[in-house]
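S.K.: Attaching a single structure in structure tokens format; questions to follow.
The values are calculated or read from the model by the stated rules, or taken from the named source; none is laboratory data. Remember, it's a predicted structure, so these values are computed and weren't measured experimentally. In this analysis, Cβ positions are derived from the backbone assuming ideal geometry, glycine residues included, and neighbour counts consider all displayed protein chains.
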Protein chains: 2
Amino acid sequence: MKLTIKDIAKMAGVSPGTVSKIINDTGSIGWKTKEKVLKIIEETGYQPSFSAKSLATKKSNLIGLIYAGEIDVDFNHPFFNQVINAFRKTIGQMGYDILVFSNNQFSKSNQDYLARCKHFQLDGCLIVAGDYIEDSIYELDQSSVPCLGVDIELTGPSSSYVTTDNSKASAKVVEYFYLHSIKEVAFIGGPEDSVISDIRKQGFLQSMNQLGMTVKPDWIQYGNYFEESGYQAMKSILANRPYPQAVFAASDMMALGAMKAIKDAGLNIPVDIKLVGCDDIEACRYSDPALSTVKQDKDKMGRLAAYMLNDLINGDTEPSSILVDPELVIRESSAVDTKKLSI
Amino acid sequence: MKLTIKDIAKMAGVSPGTVSKIINDTGSIGWKTKEKVLKIIEETGYQPSFSAKSLATKKSNLIGLIYAGEIDVDFNHPFFNQVINAFRKTIGQMGYDILVFSNNQFSKSNQDYLARCKHFQLDGCLIVAGDYIEDSIYELDQSSVPCLGVDIELTGPSSSYVTTDNSKASAKVVEYFYLHSIKEVAFIGGPEDSVISDIRKQGFLQSMNQLGMTVKPDWIQYGNYFEESGYQAMKSILANRPYPQAVFAASDMMALGAMKAIKDAGLNIPVDIKLVGCDDIEACRYSDPALSTVKQDKDKMGRLAAYMLNDLINGDTEPSSILVDPELVIRESSAVDTKKLSI
DNA sequence: TATATCCATGAAACCGATTTCCTTCAGTGT
DNA sequence: ACACTGAAGGAAATCGGTTTCATGGATATA
């Protein structure tokens, strides 16, 4: 039978209020009683009831995790999961647990994130996004619930976000090609209405222009971040000659798809076409050839997200945003000399 | 300001109890009042408070997700995450949300899973395991909390589990080799104290014996399921000649590590040594050569887990267990003729 | 028409904490 | 000695629901 605070109070010969004060270290309590009560708590293994506590305090110490967007972003997304994992560890240190919304098609009300936040009295939310803002995400963003976006630009009154400096990511890739005299480069983006993808595209175009490299319209294609779409996009690019000398894809999975298309066309990577992806997921290291990519510091993003969200919850800060610097990782798929580069 | 059940009651001119009965469809209520109240709820977007509700009912509609084990199993584990994802979708349909324990080193009490289950009044738990039973998992298993293990044999009074038929997995691999006259095969297992790994090993040894293939003790090595350990294990195996003709690793990641070691030794896969992994994670398809593996039906496992756990929670069933049949997927790394096999 | 039955609803206790306010009492200052 | 201060701890209201039980009216039975 579960112990309640009353049981503890009775055992210690004090009132429930006193026990509560001892547990939460509020009010003023003599050290003798304090010690006695603490001992009993220890011995009995008493744990205060979560629901009673959050009912009384209107706090939950729970962070909601929302996988947003049209795309099927979920527990096995190679990029977001690593961010989330770092987030989880850091936020755990601060005493929060994580509640995952089970994106239930079932009842319409489950789509309503704001309502669910209130329902659970969540202290805050982490929103990882396949980039696409749904109405109910927007509504949540604009509410007073502290929100932290990963790769999604939240603008609400108590929302911050962290994202990779995507413009710089593109610039680094373009510069790399430029330095090696590779001037004809194609781009495979995410969905056209995706903010992140658009930033990458704009960064790409801008760098290309600045460096005097021309961009062929046919060499700009769009996918949905996943493998198959990269394959198709690359097919389109290879539909007409001349071929580009290099391709930059806005996600590794699309790059891997593109890799397959290039191979299917009987071309060699990196000799005929060089290829660079984006994200640095694990599979890059195992592909043949190993995929060059723009590495996003996922651990750092996760940790930052945790700190920023905590600040937001405590009202320590105004909404803010942080751009994390990306790093270009050159592997075989864009190696510029004949000898293979090692990982 | 948040609406309470009393507000709704007042607006509808009925008592809170009546509203509650309407929401939960209990008791008997006239259709006119029912309709009136429902309309108001609809209009106001009223949502009952989670904490108040679970305080009163002692239920939470929450499932705890526990990543157990010594190994750092977490949000970016390629195998478990896919299982969890399928689980999440299915259990979501049933109206549950998922609470992730944030494995907080901080306070000792956070290690105590049972206490935390009671604290949150969880309806049940999903335990995915890096195979190693910690004391606090054992305690949880033996309690009355409904638990469902994935790849971990839970034996408690209200625990079920689902796992791949690991013995059969090994058998299929061995048989495959046997059929192609490959009789010298090495084995790289998980941690020696891991139950799952042991089953795979026993299955391996047994099949080998049955088919009259001899097993060299040096050809049995152990890792920790991760890449680096596979690399090391393979190094040991290659330390002495003769080399085995084939290697079966108990995880894909270890197989990928082994692949690297074999390449480093200047050997060719599959010509010199054939290699088969286990799990069928994504990276298998991208490695060079593409890795053969024993595929575990992760979606099915996740779905089954959800159904079984739900049954357990509703008291519909006795504890039970299901072994899911594995499937041997042959790719390039164990191809038996010269022409490359496609995926 | 009188009585038994049933349906719809309300009143109130309860779930297990927190928190405000109040009382008591010991110690201080004069 | 006497009022005063502040610390220690208790009583009770509260958070927002659920659930049991009682009650009054409508309907069915005799």
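S.K.: Starting from residues that are touching a Phe, Trp or Tyr at 6+ places or on another chain (Cβ under 7 Å) and not aromatic (Phe, Trp, Tyr), keep the ones in region B:49-64 and report whichever is farthest from DNA strand C (Cβ to nearest atom).
M.R.: My answer is B:Ile63.
S.K.: Among the residues of region B:168-207, how many are surrounded by 18 or more Cβ atoms within 10 Å (Cβ to Cβ), under 28 Å from B:Tyr138 (Cβ atoms) and among the polar types (S, T, N, Q)?
M.R.: The total comes to 3.
S.K.: Still on this structure, please answer the following. Take the conditions of a type in the set (D, E, K, R), modelled with pLDDT of 90 or more, within 8 Å of DNA strand D (Cβ to nearest atom) and part of a helix (DSSP H, G or I) and apply them to A:Lys21. Does it pass? Give the derivation first.
M.R.: Details: of a type in the set (D, E, K, R): yes; modelled with pLDDT of 90 or more: yes; within 8 Å of DNA strand D (Cβ to nearest atom): yes; part of a helix (DSSP H, G or I): yes.
Considered against the rule, which asks whether it is of a type in the set (D, E, K, R), modelled with pLDDT of 90 or more, within 8 Å of DNA strand D (Cβ to nearest atom) and part of a helix (DSSP H, G or I), A:Lys21 comes out as yes.
S.K.: I need the full set of residues from region A:38-48 which are away from DNA strand C (no atom under 11 Å from the Cβ) and crowded, with 16+ Cβ neighbours inside 10 Å, in order please.
M.R.: Across region A:38-48, the qualifying residue is only A:Ile40.
S.K.: Pairs under 7 Å by beta carbon, first residue more than 28 Å from B:Ser49 (Cα to Cα) and outside the structural domain of A:Asn314 (by TED's automatic domain parsing) in region A:35-60, partner part of a loop (DSSP other than H, G, I, E, B) and within 13 Å of DNA strand C (Cβ to nearest atom), six or more apart or different chains?
M.R.: Every condition considered, the pairs that remain are A:Val37/A:Val14; A:Thr44/A:Leu3.
S.K.: Could you tell me which of the residues B:Ile330, B:Ile281 is surrounded by 24 or more Cβ atoms within 10 Å (Cβ to Cβ) and of a type in the set (Val, Ile, Thr)?
M.R.: B:Ile281
S.K.: Among the residues of region A:225-236, which ones are surrounded by fewer than 24 Cβ atoms within 10 Å (Cβ to Cβ) and not small (Gly, Ala, Ser)?
M.R.: Kept after step one, since they are surrounded by fewer than 24 Cβ atoms within 10 Å (Cβ to Cβ), are these residues of region A:225-236: A:226-229, A:231-232, A:235-236.
Those that are surrounded by fewer than 24 Cβ atoms within 10 Å (Cβ to Cβ) and not small (Gly, Ala, Ser): A:Phe226, A:Glu227, A:Glu228, A:Tyr231, A:Gln232, A:Lys235.
S.K.: A further question on this structure: Are there any pairs, at least 6 apart or on different chains, whose C-beta atoms fall under 9 Å, with the first in region A:4-16 and β-branched (Val, Ile, Thr) and the second near DNA strand C (Cβ under 7 Å from one of its atoms) and outside any helix (DSSP H, G or I), and if so, which?
M.R.: Filtered contacts from region A:4-16: A:Thr4/A:Pro48; A:Thr4/A:Ser49; A:Ile5/A:Pro48; A:Ile5/A:Ser49.
S.K.: Please go through region B:191-231 and give me each residue that is acidic (Asp, Glu) and touching a strand residue (DSSP E or B) at 6+ places or on another chain (Cβ under 7 Å), ordered by number.
M.R.: Scanning region B:191-231 gives a single hit, B:Glu192.
S.K.: Now for a separate question. For region A:116-156, name all the residues that are part of a strand (DSSP E or B), among the small types (Gly, Ala, Ser) and under 24 Å from A:Glu192 (Cβ atoms).
M.R.: As a first pass, look at region A:116-156 and keep what is part of a strand (DSSP E or B): A:124-129, A:147-150.
Next cut, among the small types (Gly, Ala, Ser) only: A:124, A:129, A:149.
Across region A:116-156, the qualifying residues are A:Ala129, A:Gly149.
S.K.: Kindly provide the set of residues from region B:43-65 that are of a type outside the set (Val, Ile, Thr), under 39 Å from the mean Cα position of the chain (by Cα) and not in a loop (DSSP other than H, G, I, E, B), ordered by number.
M.R.: B:Phe50, B:Ser51, B:Ala52, B:Lys53, B:Ser54, B:Leu55, B:Ala56, B:Leu62, B:Gly64, B:Leu65
S.K.: Continuing with the same structure: When only residues in region B:30-59 that are of a type in the set (Ser, Thr, Tyr) and more than 8 Å from DNA strand D (Cβ to nearest atom) count, which is farthest from B:Lys6 (Cα to Cα)? Spell out the reasoning first.
M.R.: Step one: list which residues in region B:30-59 are of a type in the set (Ser, Thr, Tyr), which gives B:33, B:44, B:46, B:49, B:51, B:54, B:57.
Applying the additional criterion that residues be more than 8 Å from DNA strand D (Cβ to nearest atom) yields B:33, B:44, B:54.
Details: B:Thr33: 15, B:Thr44: 13, B:Ser54: 17 Å.
Top of the filtered list is B:Ser54.
S.K.: Among the residues of region A:1-18, which ones are near DNA strand D (Cβ under 9 Å from one of its atoms) and crowded, with 17+ Cβ neighbours inside 10 Å?
M.R.: Of the residues in region A:1-18, the ones near DNA strand D (Cβ under 9 Å from one of its atoms) are A:9, A:12-18.
The answer is A:Ala9, A:Ala12, A:Val14, A:Thr18.
S.K.: Taking region A:47-62 only, how many residues are modelled with pLDDT of 90 or more, at the interface with chain B (Cβ under 9 Å from one of its Cβ atoms) and at negative phi?
M.R.: Within region A:47-62, the first condition is being modelled with pLDDT of 90 or more, and the residues that meet it are A:48-62.
In the following step, the residues that additionally are at the interface with chain B (Cβ under 9 Å from one of its Cβ atoms) were identified as A:48-56, A:58, A:60, A:62.
Still in the list and also at negative phi: A:48-56, A:60, A:62.
Selection size over region A:47-62: 11.
S.K.: Just one of A:Glu70, A:Glu35 is assigned to a loop (DSSP other than H, G, I, E, B) and either more than 12 Å from DNA strand C (Cβ to nearest atom) or at pLDDT 90 or above (or both); which is it?
M.R.: Numbers: A:Glu35 fails: assigned to a loop (DSSP other than H, G, I, E, B).
That would be A:Glu70, the only listed residue that is assigned to a loop (DSSP other than H, G, I, E, B) and either more than 12 Å from DNA strand C (Cβ to nearest atom) or at pLDDT 90 or above (or both).
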